[in-house]
Amino acid sequence: MDFMDFFWLLVWSFFFVAYLMVLFQVLGDLFRDDDLSGWLKALWVVALILVPFLALLIYLIVRGRDMAERQARSMRDLRAQTDAHIRDVAGSSSATEQIAAAKGLLDNGAITPDEFEQIKRKALA
């Protein structure tokens, strides 16, 4: 295998991985969407199987904006749930328990180090 073969292998591998990422993002969005009926979802899946590149392109053009809005709404909902959980933990236990619970959230990546410090300061105040 010479350099050009290796180079083209890398290029095509990149495009294949990018295609898979977009495909799984679209499939996740498709099944997360409450506005589409089951039949339309099935039709999109069949289209993605039969003519994958064309169906992906059409989906992104037709439903791309809604896809981004659903993703943003999902992130806001997740953030609100995390904040509510932190408030529940912070308001219902001793300072040591609050700090331990916040440390667990920090270790899981649910909160940032700055948020952990805020919870710690509140618990110790």
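Where a number appears in this text, it was derived from the coordinates with a stated rule and is not lab data. What you see is a predicted model, and the numbers here were worked out from it, not measured in a lab. We place every Cβ from the backbone using ideal geometry, glycine too, and count neighbours over all the protein chains shown.
Amide H contacts for Ile111 (H built 1.01 Å from N in the peptide plane; partners 5 or more residues away or on another chain; cut-off under 5 Å): Leu106. Remark: region 57-73, residue by residue, has Karplus-estimated 3J(HN,Hα) of 4, 5, 4, 5, 6, 6, 10, x, 5, 4, 4, 5, 5, 5, 5, 5, 5 Hz, where x stands for each Gly or Pro and the curve is 6.51 cos²θ - 1.76 cosθ + 1.60 at θ = phi - 60°.
Beyond 25 Å, what share of the Cα-Cα pairs of the chain is found? Please give it as a whole percent.
Tail fraction, whole percent: 53.
What does the helix-only formula give at 222 nm for the chain: each DSSP H stretch with n ≥ 4 adding -39500 (n - 2.57), the total divided by the residues, and the result rounded to the nearest 500 deg cm²/dmol? Helices in the chain give a 222 nm mean residue ellipticity of -30500 deg cm²/dmol. Applying the Karplus relation 6.51 cos²θ - 1.76 cosθ + 1.60 with θ = phi - 60° to region 103-118 yields 3J(HN,Hα) values of 5, x, 5, 5, 5, 7, x, 6, 10, 8, x, 5, 5, 4, 5, 4 Hz, where x marks Gly and Pro. Compute the long axis of helix 38-50 from its Cα atoms, compare it with the longest principal axis of the Cα atoms of the chain, and write down the angle in degrees, 0 to 90, nearest 10. Here the helix axis deviates by roughly 50 degrees. Ordering Asn108, Ile86, Met21 by the projection of their Cα atoms onto the charge dipole of the chain, which places +1 on the Cβ of Lys and Arg and -1 on the Cβ of Asp and Glu, puts Ile86 at the extreme positive end. Coupling constants for region 11-23 follow from the phi torsions by the Karplus curve (6.51 cos²θ - 1.76 cosθ + 1.60, θ = phi - 60°), and in residue order they are 4, 5, 5, 4, 5, 5, 5, 4, 4, 5, 4, 5, 4 Hz; glycine and proline get x. Listed by chain and number, the lysines whose C-alpha is less than 24 Å from the C-alpha of Lys103, apart from same-chain residues fewer than 8 away, are Lys120, Lys122.
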